[in-house]
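The values are calculated or read from the model by the stated rules, or taken from the named source; none is laboratory data. Source: prediction; values computed, not measured. Note that we place each Cβ from the backbone using ideal geometry, even for glycine, and neighbour counts take in every protein chain shown.
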Amino acid sequence: MDQPASIETPLKKQRRKLTRMERHNLRVGLLFISPWIVGFLIFSLYPMVMSLYYSFTDFQGILASQQTWYANYAAMFRDERFWNAVKNTIYMVIIAVPLNLIFSLLCAILLNLKVRGQSFYRVIFFLPSIVPAIAATMLWIWILKPDNGLLSTVLSWFGVHSPNWFLDPLWSKPALILMGIWGIGGTIIIYLSGLQDVSQTLLESAELDGANWWNRLKNITIPMVSPITLFNLITGVIFMFQYFSQAYVFARFASVGKAEIVVGRPMDSTLFYSVFLYDKFTNFRYGYASAMAWVLFIVILLCTIALLKASNRFTYYAG
Amino acid sequence: MATYNSYQRPFSVKVRKFFEQFGKHALIWTVGILFFIPFIWMASTSLKTKIDIGRIPPNFLPRENKTVEINGQSFPVFMLTSVDGTSKEVAVQGYEGSDAIVFDPANPSSTMNVPKDTLTEILIVKFHWENYVNAMTRASRPGMDVTFFTYLKNSLIIAFFCIIGTLLSCTPVAYGFARIPFPGRDTLFIFVLATMMLPFQVTMIPLFKLFNETLRWGDTFLPLIVPTFFANAWDIFLLRQFFRTIPSEMSDAARVDGANEWQIFTRIIIPLSIPVISTIAVFTFLWAWNDFTGPLIYLQSHQNYTMALGLQDFQGQREILWNQLMAASVIFTVPIIVAFFFLQKQFIQGIKLTGGKEG
């Protein structure tokens, strides 16, 4: 068992031995957490080191690998498809994440109104979010089908012609965003718990002072739920960087009737970062895929740190 | 919105309040219906015939042609509109050019020819429950004894062992981090939290090689199950938070009575933590049941597929069996919805921890 690094520092500083009690606690404590230590070494640390190593080789599965240093990274940054995947992912981060947050907050405000039957309404709003992602995607493909789908029929009542979500690269991502909005129940729940902490007296006194609905929302509710918004924003951004299953199933459907199944259909418009990474992985480009994974990891870390730093300026913590 | 002056009469206030309440309800209902319609559409599609699915525009309820049975033979029934504007139901025996040979169901012996355009379809609502049976028993690969039922079984097996593994491993680890003050504990806990940030793509390829080539576990459930026996950061975190709220006097009293840490853990802490343990069980089930990427990477042969993978069977090269696909989706979704109604508190608590994202 490896010894935790931190216990050496106090040892050196104070030049004292652990007491009998401490030694006993250390033994028992390590025994209790041993499943995690083993799991961390085998399922986190070892693969991390290995994938970092692979990212500097031209490892392709069966073929012997060769050190290539930064060749994978260089190839990646020269690859047009890679930049396309980055562009598509940024599209989702910039458009889908804020839309989800706005709709979640509005729905949470609705569900926080003082009307009868709210516990029933909350269930209705929440249910779609527990539908398995694959089933939900299949269902939405069926709803969005341009010839005889539910949505195109409803649109036709208003004389609107449904776009072809599966052939038109302009409309494929909006289709995925629409699917995502159906499943915002989890985010609504988190907002709802935040809204319940918003001071009612503050809202009421603002109302007596003549502040209208919009002013109360803008000046009281939104600032007071800003920590929740931050949490939802971080989890949303991380989720979008790893967005995979829905896009994968979507592209498979867009391939029906085509000669082969290609990720990213139509026309690479649903080729997101993780989809492209998976594509490289299934084509045995392990070195390339590992390099992509590490870039992803670093970007996620940087984004989270940046959001946390920015939050100091925009979020309000009560107390 | 609700500001009014004291000179307004109570009646007008009442009216105003009424409309305000009404408006709120209407707003919630509208959005709620938008959220709910896809469910109805899923259920409705799952009960339709193949012909009904292809209809443009689609029907909201499953419909099919009305038929009449005469001498053990089934004939479709149409509405015949005569020149004088009267209409009656007739059964269609066959077609002759632009004419249809029809007869009165009450009097099958006498037939007559009428132009096709005088006939209109009669659609009746009929639920085809057999879609569910077909979806479950349809052989996904000819020759192999694999049906959607196989996938259901596989999903259940994997989910069951994932719950066992998660509970067995995360509870002692969380206990160690929460209640044993060993040197270096807090530093190690930072490592636990740090692994939450690690995207699975970073570990995917080395783990794939480890499981497939080193351990030769390719195309088995083991790569999906075994890691859960080695604890995960989210559940450790959740359990640790809970364990810390249990008063330390309880452990101290047991310690005075000669109990060791293991006994305190199993006899005092675990029984007090049933609510949080059930939250974790529910969420592990949800995660294992919905997981798509793991099975996609590790399971190759159809007899090992889970439901998430198996849904793709209904999509052929050229066409999709939408009615059966929706029936299978209902079967896939219903256990979770049922679980939700029984375990709402656990669901909500888990959502608040994980941010409610699945993928």
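At a glance:
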| quantity | calculated |
| --- | --- |
| Subset of the range A:136-178 (residues that are over 23 Å from residue A:85 (Cα atoms) and among the acidic types (Asp, Glu)) | A:147 |
| Any hit, the range A:171-180, residues being farther than 23 Å from residue B:307 by Cα, out of contact with any helix residue (DSSP H, G or I) (no Cβ under 6 Å at 6 or more places or on another chain) and facing another protein chain (nearest Cβ under 9 Å) | no |
| Residue under evaluation residue B:196, criteria (1) modelled with pLDDT under 95; (2) more than 9 Å from chain A (Cβ to nearest Cβ); (3) buried (at least 21 other Cβ atoms within 10 Å of the Cβ), criterion not met | (3) |
| Selected residue (only one of B:254, B:259 is free of Cβ contacts under 8 Å to residues at least 24 places away in the same chain and assigned to a helix (DSSP H, G or I)) | B:254 |
| Qualifying residue in the range A:143-151 (condition: at the interface with chain B (Cβ under 8 Å from one of its Cβ atoms), closer than 18 Å to residue B:32 by Cβ and assigned to a helix (DSSP H, G or I)) | yes |
| Residues that are in a loop (DSSP other than H, G, I, E, B) and aromatic (Phe, Trp, Tyr), drawn from the range B:28-83 | B:60 |
| Given (1) closer than 30 Å to residue B:19 by Cβ; (2) aromatic (Phe, Trp, Tyr); (3) not assigned by TED's automatic domain parsing to the domain that holds residue A:232, number of the condition residue A:59 does not satisfy | (1) |
| Unique residue being buried (at least 19 other Cβ atoms within 10 Å of the Cβ), under 16 Å from residue A:32 (Cβ atoms), modelled with pLDDT of 90 or more and in the same structural domain as residue B:157 (by TED's automatic domain parsing) when the list is B:269, B:225 | B:269 |
| Positions within the range A:248-263 being facing chain B (nearest Cβ under 9 Å) and crowded, with 20+ Cβ neighbours inside 10 Å, in sequence order | A:248, A:249, A:253 |
| Options A:271, A:307, A:301; residue that is at negative phi and either at the interface with another protein chain (Cβ under 10 Å from one of its Cβ atoms) or in contact with a Ser or Thr (Cβ under 6 Å, 6 or more places away or on another chain) (or both) | A:301 |
| Of all residues making up the range B:209-245, the number that are farther than 22 Å from residue B:197 by Cα, part of a helix (DSSP H, G or I) and of a type in the set (Val, Ile, Thr) | 1 |
| All positions within the range A:19-41 that are closer than 15 Å to residue B:226 by Cα and either of a type in the set (D, E, K, R) or within 7 Å of chain B (Cβ to nearest Cβ) (or both) | A:35, A:36, A:38, A:39, A:40 |
| Some residue of the range B:103-126 being surrounded by 14 or more Cβ atoms within 10 Å (Cβ to Cβ) and in contact with a helix residue (DSSP H, G or I) (Cβ under 8 Å, 6 or more places away or on another chain) | no |
| Qualifying residue in the range B:55-68 (condition: hydrophobic (A, V, I, L, M, F, W, C) and under 24 Å from the mean Cα position of the chain (by Cα)) | yes |
| Lone qualifier among B:64, B:69 - being more than 14 Å from chain A (Cβ to nearest Cβ), more than 24 Å from residue A:180 (Cα to Cα), loosely packed, with under 11 Cβ neighbours inside 10 Å and at pLDDT 80 or above | B:69 |
| Some residue of the range B:70-89 being charged (D, E, K, R) and outside the structural domain of residue B:107 (by TED's automatic domain parsing) | no |
| Matching residues in the range B:18-48 - criterion: being crowded, with 17+ Cβ neighbours inside 10 Å and of a type in the set (Ser, Thr, Tyr) | B:44, B:45, B:46 |
| Selection count where residues are in contact with a Leu (Cβ under 7 Å, 6 or more places away or on another chain) and within 11 Å of chain A (Cβ to nearest Cβ), scope the range B:146-187 | 5 |
| Subset tally (residues that are surrounded by 15 or more Cβ atoms within 10 Å (Cβ to Cβ) and of a type in the set (Ser, Thr, Tyr)) for the range A:194-245 | 6 |
| Enumeration of residues in the range A:222-247 that are among the hydroxyl-bearing types (Ser, Thr, Tyr) and more than 8 Å from chain B (Cβ to nearest Cβ) | A:226, A:229 |
| Cβ pairs under 7 Å, 6+ apart, first in the range A:203-220 and among the aromatic types (Phe, Trp, Tyr), second at pLDDT below 85 and in a loop (DSSP other than H, G, I, E, B) | A:213/B:1 |
| Scope the range B:27-66; condition hydroxyl-bearing (Ser, Thr, Tyr) and farther than 17 Å from residue A:184 by Cα; matching residues | B:44, B:45, B:46, B:49 |
| Exclusive hit being assigned by TED's automatic domain parsing to the domain that holds residue A:291 and in contact with a helix residue (DSSP H, G or I) (Cβ under 8 Å, 6 or more places away or on another chain), set A:119, A:193, A:156 | A:193 |
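Here's the yes/no breakdown for (1) modelled with pLDDT of 90 or more; (2) under 18 Å from residue B:200 (Cβ atoms); (3) polar (S, T, N, Q):
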{"site": "A:227", "(1), (2), (3)": "no, no, no"}
{"site": "A:242", "(1), (2), (3)": "yes, yes, yes"}
{"site": "A:245", "(1), (2), (3)": "yes, yes, yes"}
{"site": "A:254", "(1), (2), (3)": "no, no, no"}
{"site": "A:264", "(1), (2), (3)": "no, no, no"}
{"site": "A:288", "(1), (2), (3)": "yes, yes, no"}
{"site": "A:295", "(1), (2), (3)": "yes, yes, no"}
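Rundown of residues vs (1) surrounded by 15 or more Cβ atoms within 10 Å (Cβ to Cβ); (2) at positive phi; (3) assigned by TED's automatic domain parsing to the domain that holds residue A:174; (4) in a loop (DSSP other than H, G, I, E, B), yes/no style:
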{"residue": "A:52", "(1), (2), (3), (4)": "yes, no, no, no"}
{"residue": "A:69", "(1), (2), (3), (4)": "no, yes, no, yes"}
{"residue": "A:83", "(1), (2), (3), (4)": "no, no, yes, no"}
{"residue": "A:86", "(1), (2), (3), (4)": "yes, no, yes, no"}
{"residue": "A:90", "(1), (2), (3), (4)": "no, no, yes, no"}
{"residue": "A:100", "(1), (2), (3), (4)": "yes, no, yes, no"}
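Residues checked against (1) of a type in the set (A, V, I, L, M, F, W, C); (2) at the interface with another protein chain (Cβ under 9 Å from one of its Cβ atoms):
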site	(1), (2)
B:13	yes, no
B:31	yes, yes
B:45	no, yes
B:49	no, no
B:52	no, no
B:59	no, no
B:87	no, no
B:91	yes, no
B:99	no, no
